[in-house]
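Novice: If you scroll down you'll find the structure; I have some questions about it.
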Amino acid sequence: MSSPRVEVIDRLCKGCSICVEFCPTRVFEMDGFIAKVVKEDACIKCMQCELRCPDFAVKVHTE
Amino acid sequence: MAKKTALVQGNEACAHGAVYAGCKFFAGYPITPSTEVAEVLAAELPKVGGSFIQMEDEIGAMAAILGGSLTGAKALTATSGPGVSLKQELIGYACIAEIPCVIVNVMRGGPSTGMPTGPGQSDVMQARWGTHGDHAAIAVAPESIQEIFTETVRAFNLAEKYRMPVQILFDEIVGHMRERIEYPEPGELEVIDRAKPDVSPEDYKPYDSSKGDIPPLASFGSEYRFHVTGLNKAADGFPTTKPDLVDAEERRQIRKVEANRKDIEKNEEYMTEDAEVLIFAFGSTSRSARYAVNELRKEGIKAGLFRPITLWPFPEERIAALGKQVKGMVVAEMNLGQMIYEVERVTKGSCKLEGAFRVDGEPITPAQIMEKVKEVN
Amino acid sequence: MAYDYEKSIRPGKLPHIWCPGCGHGIVMKGLIRAMDTCGLDKNNTAIVSGIGCASRLPGYMDCCTLHTAHGRAAAFAAGVKMAKPEMNVLIVGGDGDGVAIGGNHFIHACRRNMDMTYVVLNNNIYGMTGGQFSPTTPTGANASTTPYGNPDPTFDISKLAIGAGATFVARTTAFHATQIDKLIAEGIKHKGMSVIEVLDDCPTCFGRRNKFRSVVDMMKRLKEVAVPVQAAAKMPAEKLEGKILTGVLFKEERPEYCAEYAKIIEKAKGANA
């Protein structure tokens, strides 16, 4: 099973760090003022990041 | 076939005029001396498939008619001075968002609670400048029960045609007075509906003025989806702070009235042709003024009456011309001098000017007017 | 698949105006999911708001949207609904807009029981004007107009809605993201006035003044204070101190206003015929 593609849309991310903090497998890290995907392989498709991102900036593309 | 006639109050005539004009929604709040407008429409509107709601307050009533109007319904509210004071913010909303609606103000004395059961004409400047910000205004001022009916129809027509709020101002005297009315047959009076968009929903912009100063208004609940806001907005309806767009929109909203004065203005002139002295009066006061003209003529004084039926925009051109024709003018109004400022502004000192004012809750008498006329003759 | 929010948002309108970490975007996502769940037709759906940060929400939504004056959303909405009862009418707005300046319209909208859904984004502060206390700012909390702490008692918006006669009242928080859409959807399906209060965070104007170190701190607080109403029923009173009940708080069936008015129309037409 391939891991999903996790996307942060830089244009929309305001850097609140909600995705970084609430991801149970630490897929994200802050990169200056915006979030960045650093461990995509660790994603377990819980969708917490996409659900909680207030800025419509995080997308989890699953098959 | 003889026309249907009745002996009705001004407020009742207003309600029936609204139904004739195609009004389908009324929201109001009880207030003396306008309440009969609501009472009659509560009974009449459901008969024609329309709806009536009594709201929690005056502001809510104004809000509701704007919401209702956006669905395409011709909408009305009726109140008196204190109510109009409360509605002012949303009258401004109707101006900037360009939502057709009609507001009836059955005028009483003031300020504040004043004299609820007495007549007044002291809300005329409020009708022009009551809400904050720059804006155009249209207000009509009927003097009789028959005219309340026809002017109510015309007020709806102007609101729909120019996509803006229109106020009907009449005082408590005509509001509560009973006179014979002849109901016009359907089709006898012109009834205008707002222009609908002729572009596809994808191309629709609610404030697109490329084809004229009055952009067509789509209805909520049709295939046209659009945004309405009280913020300064661009042609697409979304907020903007771009100076050129804000300036253009503000100016267009005033121009749509200014450039159409001929269509909007309506006056009655009585014996003005050879007049050497002119009485400027509106609403119930003009009835005393007409009597005064007749009496003065008997005394050999060449008096005339100018009665604006459209109060706003002010009939600048005609008053300026009359100011050059006559020796003097008397502005008779049930306040302590409001429209007289407009007359003064427009006549620019070309004739003598006096006011016949009264604010004690009693009508201005012909004798009071005649006395003033003699001062300026 | 990633959830397709974009189909419901007007093209080119993102990013929105809300501050980093403001929960309004989370609630907007919940609203979109709820509208999808209920299959609302965009052409036939009006979203009405007043003034304030939360009231900017309709501008992003691809529906018939009406951004009115401060506090007046519920009254404009009543006009839309009365004049076109077949439309779905949703109202969104904040705490100050809804229950301070708009308090009278709010309670009477609840009383009438028109079939509308009011989503209150309660972040306990006036955000757009820079952090003045609202009727839901906790007593003692700091706001720009309470330099010595807030002396005012607060409104419980949900209790206010129940007391005023709303027939479906539910509460959740911006932390409980999946509950937001479930409750809004339930409110939309309910025939009558539904109020869904979403406790929200304002990191910029409330958080900074009230010792929250981060957005995440504020979100964690929302998680901690929320107690599902079913769980609360089994908890002793002392354990509920400082907690806020969430879930469906009240539901009853009562005649819906426009349906009742339709009967009046039939009656009046009959009398006329």
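Taken together, the values in this text are just the output of simple stated rules run on the coordinates, not laboratory data. As the structure is a prediction and not an experimental result, all values here were calculated from the model. Cβ: placed from backbone, ideal geometry, glycine included. Neighbour counts: every protein chain shown.
Novice: Counting pairs of alpha carbon atoms under 8 Å apart in space and at least six apart in sequence, what relative contact order in percent does segment B:268-376 give? Intermediate results must be reported in sequence, preceding the final value.
Specialist: Values: 204 pairs, mean separation 34.2, N = 109.
Here the relative contact order equals 31 percent.
Novice: On a full-extension model of 0.36 nm per residue, what is the gain between B:ARG261 and B:THR117, subtracting their alpha-carbon distance, rounded to one decimal in nm? Provide the component values of the computation, followed by the final result.
Specialist: Values: separation 144, 0.36 × 144 = 51.84 nm, distance 3.43 nm.
Between B:ARG261 and B:THR117, full extension yields an extra 48.4 nm.
Novice: What distance in nm separates the two pseudo spin-label positions at B:LYS3 and C:ILE17, each 7 Å out from Cα along the beta-carbon direction?
Specialist: Distance between label points: 5.2 nm.
Novice: Same structure, new question: Please give, to one decimal in nm, the separation of the simple spin-label points placed at C:ASP41 and B:LYS374, each 7 Å out from Cα toward the Cβ.
Specialist: Taking the two extended label points, one gets 7.3 nm.
Novice: Could you check the spin-label model distance between B:GLU344 and B:GLU268? Points 7 Å from the Cα along Cα→Cβ, value in nm.
Specialist: 2.8
Novice: Given a cut-off of under 8 Å on Cα pairs at least six residues apart, what relative contact order in percent is computed for segment B:14-62?
Specialist: Numbers: 57 pairs, mean separation 22.1, N = 49.
Relative contact order comes out at 45 percent.
Novice: Anyone know which of B:PRO142, B:PRO30, B:PRO197 comes out most mobile in the 10 Å Cα GNM of chain B?
Specialist: Taking springs between Cα atoms under 10 Å, the residue moving most is B:PRO197.
Novice: Right, next: Which of B:PRO184, B:PRO215, B:PRO116 moves the most in a Gaussian network model of chain B with Cα springs under 10 Å?
Specialist: So, out of B:PRO184, B:PRO215, B:PRO116, the one fluctuating most is B:PRO184.
Novice: Further, regarding this structure: How would segment C:1-156 be classified by its alpha-carbon gyration tensor: rounded, prolate or oblate, with rounded meaning a/c under 1.5 and the a/b versus b/c comparison settling the rest? Intermediate results must be reported in sequence, preceding the final value.
Specialist: Working: a/c = 2.32, a/b = 1.38, b/c = 1.69.
Cα axes put segment C:1-156 in the oblate bin.
Novice: Residue separation times 0.36 nm, minus the C-alpha to C-alpha distance between B:GLU317 and B:HIS132: what's the value?
Specialist: Working: separation 185, 0.36 × 185 = 66.60 nm, distance 2.65 nm.
Between B:GLU317 and B:HIS132, full extension yields an extra 64.0 nm.
Novice: Further question: What does the charge add up to near C:ALA141, with Lys and Arg as +1, Asp and Glu as -1, over the other residues with Cβ less than 11 Å from its Cβ?
Specialist: Here the charged neighbours net out to +1.
Novice: Suppose R0 equals 35 Å. What FRET efficiency, 1/(1 + (r/R0)^6) with r the Cβ-Cβ distance, do B:ASP236 and C:ALA232 give to the nearest 0.05? It would help to have the intermediate numbers written out before the result.
Specialist: Values: r = 47 Å, r/R0 = 1.36.
E between B:ASP236 and C:ALA232, to the nearest 0.05, is 0.15.
Novice: Which aspartates and glutamates, if any, have their Cα less than 20 Å from the Cα of C:LYS42, not counting same-chain residues under 8 positions apart?
Specialist: Correct list for C:LYS42: B:GLU202, B:ASP203, B:GLU223, B:ASP236, C:ASP4, C:GLU6, C:ASP62, C:GLU86, C:ASP115, C:ASP181, C:GLU186.
Novice: Let me ask you something else. For C:LYS243, go through the aspartates and glutamates and keep the ones whose alpha-carbon is under 14 Å away, minus same-chain ones fewer than eight residues off.
Specialist: Of all the aspartates and glutamates, those that pass the test against C:LYS243 - Cα under 14 Å, at least 8 places apart if same chain - are C:ASP156, C:GLU224.
Novice: Taking the Cα centre of segment A:5-61 as origin, sum charge times position over the Cβ atoms of Lys and Arg (+1) and Asp and Glu (-1), and report the length of that vector in debye to the nearest 20. Please report the intermediate quantities before stating the final value.
Specialist: Numbers: 9 positive and 9 negative charges, 21 e Å.
Dipole of segment A:5-61, to the nearest 20 debye: 100 debye.
Novice: Here's a follow-up. By how many nm would the segment from C:THR178 to C:ASP152 lengthen if fully extended, with 0.36 nm per residue of separation less the alpha-carbon distance? Could you put the intermediate results ahead of the total?
Specialist: On the way: separation 26, 0.36 × 26 = 9.36 nm, distance 3.27 nm.
Answer, rounded to one decimal: 6.1 nm.
Novice: So what is the diffusion coefficient of segment B:268-376 in µm² per second by Stokes-Einstein at 20 °C and 1.002 mPa s, using a Kirkwood Rh over Cα pairs? Spell out each step's value before the answer.
Specialist: Numbers: Rh = 13.3 Å.
D, rounded to a whole number, is 161 µm²/s.
Novice: Right, another one. Give me the Kirkwood hydrodynamic radius of chain B in Å, from all C-alpha pairs, to one decimal place?
Specialist: Numbers: mean 1/r = 0.0472 Å⁻¹.
Its Kirkwood hydrodynamic radius stands at 21.2 Å.
Novice: Using modelled amide H (1.01 Å from N, peptide plane; none on Pro or chain starts), what sits under 5 Å from the amide H of B:VAL104, excluding residues fewer than 5 places away?
Specialist: Excluding prolines and chain starts, which carry no amide H, the hits are B:THR77, B:ALA78, B:THR79, B:ILE168.
Novice: Still on this structure, I have one more. Measure out, as a whole number of angstrom, how far apart the alpha-carbon centroids of segment B:119-186 and segment C:17-81 sit.
Specialist: So the separation of the two Cα centres works out to 35 Å.
Novice: While we're here: Beyond 31 Å between alpha-carbons counts as too far, so tell me which of C:LYS81/C:LYS267; B:LYS47/C:LYS29; B:LYS233/C:LYS7; B:LYS24/B:LYS262 fall in that bin. Present the calculation step by step, with values, prior to reporting the outcome.
Specialist: Numbers: C:LYS81/C:LYS267 20 Å; B:LYS47/C:LYS29 43 Å; B:LYS233/C:LYS7 24 Å; B:LYS24/B:LYS262 29 Å.
Check vs 31 Å cut-off fails for B:LYS47/C:LYS29.
Novice: Here is a follow-up. Can you give me the relative contact order of chain B as a percent, contacts being Cα pairs under 8 Å and 6 or more apart?
Specialist: Working: 844 pairs, mean separation 59.3, N = 377.
Reported as a whole number, the value is 16 percent.
Novice: While we're here: Could you please report the charge total around C:ARG209, scoring K, R as +1 and D, E as -1 over all other residues with beta-carbon less than 14 angstrom from its beta-carbon?
Specialist: On the way: positive: C:ARG208, C:LYS211, C:ARG213; negative: C:ASP201, C:ASP217.
Here the count lands on +1.
Novice: Cut-off under 30 Å on the C-alpha distance; same-chain residues fewer than 8 positions from B:LYS372 excluded. Which lysines are left, in chain and number order?
Specialist: Straight-line reach from B:LYS372, under 30 Å: B:LYS266, B:LYS298, B:LYS302, B:LYS324, B:LYS327, B:LYS348, B:LYS352.
Novice: Where is the GNM fluctuation largest for chain B (alpha-carbon springs, 10 angstrom cutoff): B:PRO243, B:PRO165, B:PRO201?
Specialist: Highest fluctuation among the options: B:PRO243.
Novice: With a 10 Å radius around each residue's Cβ, average the other Cβ atoms per peptide and rank B:368-377, B:84-93, C:76-85, B:283-292, highest first. Don't jump to the answer; show the numbers that get you there.
Specialist: Working: B:368-377: 19.2, B:84-93: 22.0, C:76-85: 28.1, B:283-292: 24.5.
Taking the mean over residues of other Cβ atoms within 10 Å, the ranking is C:76-85, B:283-292, B:84-93, B:368-377.
Novice: Taking amide H positions as placed 1.01 Å from N in the peptide plane, with prolines and chain starts having none, which residues 5 or more places from B:LEU189, or on another chain, fall under 5 Å of its amide H?
Specialist: none
Novice: Also, I was wondering about something else. Mind sorting A:GLU50, B:GLU268, B:GLU188 by how few other Cβ atoms lie within 10 Å of their own Cβ, fewest first?
Specialist: On the way: A:GLU50 22, B:GLU268 15, B:GLU188 12.
Lowest count first: B:GLU188, B:GLU268, A:GLU50.
Novice: Okay, moving on. To the nearest 0.05, what FRET efficiency results for A:ARG5 and B:GLU202 with a Förster distance of 35 Å applied to their C-beta separation? List each step's numbers first, then the result.
Specialist: Numbers: r = 32 Å, r/R0 = 0.91.
That pair, A:ARG5 with B:GLU202, gives E of 0.65.
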